[in-house]
Amino acid sequence: MAQKPSIPKGTRDFSPAEVAKRNYIFSTIKTNFEKFGFQPIETPSFENSETLMGKYGEEGDRLIFKILNSGDYLDKVPMEELQTINYKQLTSKISEKALRYDLTVPFARYVVQHQNEIEFPFKRYQIQPVWRADRPQKGRFREFYQCDADVVGSNSLWQEVELVQLYDSVFSQLGLGGVTIKINNRKILSGIAEVIGASDKLIDFTVALDKLDKIGEDGVKKEMLEKGISETAIEKVQPLFNFTGTINEKIEKLANLLANSEEGMKGVNELQFICDNVTTLGLQTAFLDLDVTLARGLNYYTGAIFEVAAPKGVAMGSIGGGGRYDDLTGIFGLKNMSGVGISFGLDRIALVMEEVGLFPEAVLATSKALFLNFGDKEALYAMKAIRKLRQKGIKVELYPDKAKIDKQFKHADRRGIPFAIIVGETEMEREEFGLKNLTTGEQQKVDFATLVSLLSE
């Protein structure tokens, strides 16, 4: 007996209903990307290893899926070397390509490679799968989609203002009202570390502060002390532990705290500009909030930092995030190319929408009607009608086999098809169609024009 097939851990099959829901989210995001002037690009699923390796830190490098060279991949490695070579050296000799880990580094490579063809500022979006050799667990997969929008070649803070509006537009259109778009600034975090005399502990300080909502004030202070941050320094940041009020009140508190830090005040002024203009322009359903503990991508971002939280009452991690980076393309030799970008967490968004029941029924709709099959003569009559209905954009199909009628009805029911159309000799003679509503059981005889009208509702 053949062994039952399986798929690799951390990957998934998607049913027709799941694909329909995901496509609905993809379509909504894509429509809004284009509405905001972003242009689509695609990059290969695999890149040259040197493009990816060394760009994500040691941990990231470990999670990159390497692709073995085709053919006899050990052929170029002398036998005597195999006895002494370590695995890192061996990998570089037998694997020259790797699956992409994210969309950002391939995008940086794309910009550098095509810089003479690109009109800057360049607004690009990309919706493609990425792969990570991570340990699979709930909500974490080895293959998943990223939905990114970035602007490169502009330092203007109007880009950040637009990205907040883009988040609001997408989530409002999905019906996911009440998300919170959290904003912070890397310069503010650097400024805080500077004024408390802990610039050399910036990472330790912000990692601990980021845990405030999880381990509380005492837990954060304990971790900071364990990381070598002095009690005096911790006393200076006491205001951050009760950082409440409106955005303007929070910005005023930060301005007082960072008055002696040039870097910190740059961050305060940038936040003031973004928040003031977003407030003036208004948001549809989202909320903007300044979260001074937000520290995502600290080694990567240089300005604004974004993170989107699901509506209150929904237990879910972030469903989007991003920020400003001043040297995206520097890793490939093109210096001083500032950019800012955001990403949507497709899988988590789908889980939230499922939990709240936000997917419209039309998203899951299969064919509107199934023509029952009574034989070849009747099937031909049905196919002529089907052709005309499809030309009018109505989704219909013919049951392919002359099976028992009860079986055909059950097929329509299991597929969620709302109408069955019966075409027998009587209907053919009168040029009619028997239309049965499979929800109510109501049945009627209609001409083709009426059939079109009823199926178009």
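The values are calculated or read from the model by the stated rules, or taken from the named source; none is laboratory data. Every value quoted in this text rests on a predicted model; they were computed, and no experiment measured them. Positions of Cβ are generated from backbone atoms using ideal geometry, with glycine treated the same way; all protein chains shown enter the neighbour counts. Heads up: the accessible areas ignore ligands, DNA and RNA and are worked out on the full protein's heavy atoms, side chains in. Shrake-Rupley method; radii C 1.70, N 1.55, O 1.52, S 1.80 Å.
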For the range 149-169, check the following and say yes or no: at least one residue is among the small types (Gly, Ala, Ser), closer than 26 Å to Gly357 by Cα and assigned to a helix (DSSP H, G or I). yes
Screening Ser156, Ser172, Ser199, Ser190 for residues that are closer than 30 Å to Val363 by Cα and small (Gly, Ala, Ser) leaves only Ser172
Return a yes/no flag: does the range 257-264 have any residue that is modelled with pLDDT of 95 or more, within 29 Å of the chain's Cα centre (by Cα) and either crowded, with 16+ Cβ neighbours inside 10 Å or within 30 Å of Met353 (Cα to Cα) (or both). no
Looking for whichever is under 34 Å from the mean Cα position of the chain (by Cα), part of a helix (DSSP H, G or I) and either of a type in the set (Val, Ile, Thr) or at pLDDT 85 or above (or both) here; the options are Ile192, Ile183. Which one fits? Ile192
Give just the number: which of (1) closer than 30 Å to Val152 by Cα; (2) open to solvent by 10 Å² or more (accessible area, probe 1.4 Å); (3) touching a strand residue (DSSP E or B) at 6+ places or on another chain (Cβ under 6 Å) does Gly341 not satisfy? (2)
Out of Ile64, Ile29, Ile41, Ile25, which single residue is touching a Cys at 6+ places or on another chain (Cβ under 6 Å), modelled with pLDDT of 90 or more and open to solvent by less than 80 Å² (accessible area, probe 1.4 Å)? Ile29
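Here is a yes/no grid of residues against (1) modelled with pLDDT under 90; (2) more than 30 Å from Tyr301 (Cβ to Cβ); (3) exposed (fewer than 14 other Cβ atoms within 10 Å of the Cβ):
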| residue | (1), (2), (3) |
| --- | --- |
| Ser49 | no, no, no |
| Gly60 | yes, no, no |
| Pro78 | yes, yes, yes |
| Thr84 | yes, yes, yes |
The residue that is farthest from Arg324 (Cα to Cα), considering only those in the range 176-194 that are open to solvent by less than 10 Å² (accessible area, probe 1.4 Å) and touching a strand residue (DSSP E or B) at 6+ places or on another chain (Cβ under 8 Å), is Val179
Going residue by residue through the range 163-171, is there one that turns out to be open to solvent by 10 Å² or more (accessible area, probe 1.4 Å), touching a residue at least 60 places away in the same chain (Cβ under 8 Å) and closer than 19 Å to Arg296 by Cα? no
Looking only at the range 344-372, count how many residues are outside any helix (DSSP H, G or I) and open to solvent by 10 Å² or more (accessible area, probe 1.4 Å). 9
Quick check: anything in the range 109-127 under 14 Å from the mean Cα position of the chain (by Cα), open to solvent by 20 Å² or more (accessible area, probe 1.4 Å) and at pLDDT 95 or above? yes
Any residue in the range 304-327 that is aromatic (Phe, Trp, Tyr) and open to solvent by 30 Å² or more (accessible area, probe 1.4 Å)? no
Evaluation of Gln173 against (1) under 20 Å from the mean Cα position of the chain (by Cα); (2) within 28 Å of Arg100 (Cβ to Cβ); (3) modelled with pLDDT of 90 or more; (4) not basic (Lys, Arg) (one fails), failing number: (2)
Strands (runs of 3 or more DSSP E) within the range 382-457 that include 1 or more residues open to solvent by less than 40 Å² (accessible area, probe 1.4 Å) and β-branched (Val, Ile, Thr): 396-398, 419-422, 443-446
Any idea which residue in the range 236-256 is least open to solvent (accessible area, probe 1.4 Å), counting only those that are part of a helix (DSSP H, G or I) and at pLDDT below 85? Leu240
Can you say whether Asp289 is farther than 15 Å from Tyr167 by Cα and not in a loop (DSSP other than H, G, I, E, B), as far as the supplied structure shows? no
If we keep just the residues of the range 273-299 that are modelled with pLDDT under 95 and under 19 Å from the mean Cα position of the chain (by Cα), which is surrounded by the fewest Cβ atoms within 10 Å (Cβ to Cβ)? Gly297
Under 6 Å between Cβ atoms, at least 6 apart or on separate chains: pull out the pairs that start in the range 339-363 with a residue that is closer than 17 Å to Lys30 by Cβ and end on any residue that is in a loop (DSSP other than H, G, I, E, B) and among the aromatic types (Phe, Trp, Tyr). Met353/Phe359
